[in-house]
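Any read-out appearing in this document is the output of simple, stated calculations on the displayed coordinates, not a laboratory observation. Fair warning: this is a prediction, and the values are worked out from it, not measured in the lab. Heads up, the Cβs are rebuilt from the backbone with ideal geometry, glycines too, and the neighbour counts pull from every protein chain shown.
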Amino acid sequence: MKGVILVGIDGGATKVSGWQVIVNEEDRTFKLGNLSSSKSYDEIPGFVADFEPVPIPDQLSQMDAGNIQPTTAEKKQEAVYVEASAAVVEDLFEKNSGKKILVGIGMPGLKTEDRRGISVLANGPRMIHYAELLEKRLSQKNIELLSPVHHLGSDADYCGIGENYAAEGLFRSVQNAYYLGGGTGVADAMKLYGELLPFDLIKDWLAKTWEMKSADGRSLERFTSVGGMQAVYAEISGKKVSKLNEQGVYPLQIAKLAAKGDSAARKMIELAVENLGMLFFERITSLYSGSLGVFQFVNPNRPQLNKEHHYMGSVFDCVIVGQRLGELFDSGFGKQVLRNPVITSLSVLISNSKDLSAEAKVHYSDLNNIIQISKLREAPALGAGIDAYLTYKG
């Protein structure tokens with residue numbers, strides 16, 4: 001890797017972030033470097049401010065038929081997304097003049113068959129030629145890639161890869177672990193029997209968090225991502241999210257308001273505690289004894305979960321909370337109003353469960369140690385860089 005800069009790209013909902021990733025080739029551990037860059041989509045000329053995505057059923061239908069037809073608005077927005085990523089890579093290239101670049105990219109959405117584009121995306125444009133357009137754009141700037149973009153990954157899988165290969169990763173020393181990361185959206189990752197298991201491979205017996213809905217019908221993403229929590233607080237308080245952003249009121253501040261007795265903040269936190277406790281309970285019992293059908297699905301047509309799987313009878317060595325949700329859990333007010341109540345709620349659910357053995361209940365008796373906070377910064381970008389390296393090295 002001499003003369004090469006390894007870059008991990010996290011393509012989020014509103015911006016692209018890129019980080020240099022440092023490799024220790026002796027023990028194949030990784031960490032973030034000091035160089036980073038970011039670009040908001042709305043900074044790019046041509047950004048479609050009032051973009052409306054194609055309805056998901058239509059997107060899925062076109063994907064299944066092998067006939068994806070991006071709209072004019074999608075093509076314009078795709079150009080913006082590609083330009084934002086190119087600008088980030090270009091910035092990092094200029095800071096490392098003369099070096100080739102190896103790029104890994106994480107993006108939301110269902111990927112195309114060759115995994116170099118996006119065929120379904122809930123809140124953005126379908127981008128079926130994403131990697132090809134990015135490579136052309138970089139070539140025009142005489143930026144030499146060590147290798148073409150092999151594939152686009154998911155931020156959820158990249159969080160798991162980061163935890164498993166980074167020097168500070170919490171997956172490294174355990175056999176069985178579940179990761180929940182909450183930022184603008186929510187990410188699930190799993191390691192069982194010492195192997196990373198993308199949720200797409202275990203979807204027959206375990207659903208992603210965003211697929212499941214709370215008792216009030218909203219996606220669990222609303223109560224497990226900090227973006228969702230802020231939106232729920234906005235609904236309860238009768239305020240606009242844009243106004244909360246202007247005032248600097250995010251979940252860290254909402255936790256403080258809840259601790260001081262603000263009724264809207266307390267209601268949001270209570271809902272988050274209830275749903276987080278139930279989510280962790282669902283993960284624990286699904287692993288040990290198969291799905292209990294704790295949650296219904298946002299998509300009523302999603303196949304029901306199998307009640308049996310290869311890993312039954314297993315327990316988690318740790319449950320990891322990461323990204324900004326992890327920061328919230330680990331903050332002073334967050335511990336008081338969120339983490340500690342979640343642990344109390346989960347303890348009661350485990351104690352009263354008829355589907356966990358006495359031995360399993362003893363294993364989960366010390367949830368303060370089992371529930372851990374991720375130490376990784378920018379986990380999706382870190383995982384993207386690691387994946388690019390491992391793919392290139394074969």
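Key figures
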quantity	calculated
Separation of alpha-carbon centers, the stretch 285-311 and the stretch 34-49, rounded to whole Å	39 Å
Non-local Lys pairs in the stretch 86-156, i.e. 8 or more apart or on different chains, that have alpha carbons under 22 Å apart	7
Gain on full stretching of the segment that runs from Lys75 to Asp330 - 0.36 nm per residue minus C-alpha separation	87.7 nm
Stokes-Einstein translational diffusion, the stretch 173-374 - Kirkwood Rh over all Cα pairs, 0.890 mPa s, 25 °C, in µm²/s	143 µm²/s
Full-stretch length increase - Asn352, Glu246 - with 0.36 nm per residue and alpha-carbon distance subtracted	33.8 nm
About the Cα centre, charge dipole magnitude for the stretch 173-374 (Lys/Arg +1, Asp/Glu -1 at Cβ), debye	620 debye
Distance (nanometres) between label positions extended 7 Å along Cα→Cβ at Lys393 and Lys307	4.5 nm
The chain, Rg to Rh (Cα coordinates; Rh as Kirkwood inverse mean 1/r)	0.96
Exposure rule at most 13 other beta-carbon atoms within 10 Å, DSSP loop GluC sites (Glu not before Pro): the chain longest free segment	145-307
Local electrostatic count at Lys76 - Lys and Arg +1, Asp and Glu -1, tallied over other residues with Cβ under 13 Å	-3
Within the stretch 126-162: backbone nitrogen closer than 18 Å to the Lys95 label point (7 Å, Cα to C-beta)	143-144
Most mobile listed residue (Ile118, Ile371, Ile56) in the chain, GNM with C-alpha springs under 10 Å	Ile56
Additional length obtainable on full extension of the chain from Ser365 to Asn24, 0.36 nm per residue less Cα span	119.0 nm
Residue with peak Gaussian network fluctuation, the chain [Cα springs, cutoff 10 Å], from Phe329, Phe47, Phe223	Phe47
Given charges at Cβ of Lys, Arg, Asp, Glu: the stretch 173-374 dipole, positive-most of Gly277, His310, Ala360	Gly277
Computed over the stretch 173-374: relative contact order in percent, which uses C-alpha pairs under 8 Å that are six or more apart	26 percent
Unit charges on C-beta of K, R, D, E only; dipole of the chain, Debye	620 debye
222 nm mean residue ellipticity, helices alone, for the chain (DSSP H n ≥ 4; -39,500 (n - 2.57); rounded to 500)	-12500 deg cm²/dmol
The chain - percent relative contact order, Cα under 8 Å, separation 6 or more	19 percent
